[in-house]
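What follows is calculated from the coordinates using simple rules that are stated; it is not laboratory data. These numbers were taken from a predicted model, which means no experiment stands behind them. No Cβ is skipped: glycine too gets one built from the backbone with ideal geometry, and neighbour counts run over all protein chains shown.
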Amino acid sequence: MSSLNPLKIIGCWILLIVMVDIVAIPCFAFNAVGDGQRPLTFLVLSVKIAIDGVFLLSVLSSILFFKQFRRFWIANTLIILILGIFVLRNRMNDDRTEYVFKEKIDSIGGYLVRSRTEYYNFTRNQVRSQSYWKNGQKDSVWTIYSQTGDILRQDHYKGGNFIQ
């Protein structure tokens, strides 16, 4: 363990997350429906995972590399406390936030039709919006609902163009 140190371990963790992002984000962007948010959602999630990992590795390395931790205990303790507060707040917010969507792809009359239903709350089947794409372009009626189920707005599209 003499060649390893906490900084190298954390650096390798961050490098691993960045490498996964470099591969995964373009794949998600390529497969996203319309102007989908999947790549951005994945990036935000990977940052959260990176911070969680740095926190866990900081705690573990303080035990495994106790001599180094003892020498720089003030800096190490501050890092653990700051990351710990961030991780705790993040976990508490994750319980309140639920954003889920379902995408479906059909072939209708030779056209590739994709539909997306977004939910305020998936377990209660609380629909937030419905949208459709035909051959990669916005199509049909896009509907946005309030949390009570009332229609807030409907937009009409044909061939990617907004129709009044």
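The residues packed around residue 27, meaning those with a beta-carbon under 11 Å from its beta-carbon, carry a net charge of 0 if Lys and Arg are +1 and Asp and Glu are -1. For segment 40-86, applying the loop criterion from DSSP together with a ceiling of 13 other beta carbons within 10 Å to the chymotrypsin sites (Phe, Trp or Tyr not before Pro) yields 72.
Above 22 Å, the calculated P(r) of the chain contains 61 percent of its Cα-Cα pairs. Calculated mean residue ellipticity, 222 nm, the chain: -17500 deg cm²/dmol, from DSSP H runs (n ≥ 4) at -39500 (n - 2.57) each, averaged per residue and rounded to 500. The GluC sites (Glu not before Pro) of segment 56-162 that DSSP puts in a loop, and whose beta carbon has at most 13 other beta carbons within 10 Å, are 98.
The calculated FRET efficiency for the pair residue 148 and residue 20, based on their C-beta separation and a Förster distance of 41 Å, comes to about 0.55.
Straight-line reach from residue 158: taking Cα to Cα under 21 Å and skipping same-chain neighbours fewer than 8 places apart, the lysines in range are 104, 134, 138.
Taking 24 Å as the straight-line reach from the Cα of residue 8, the lysines in range (excluding those fewer than 8 positions away in the same chain) are 48, 67.
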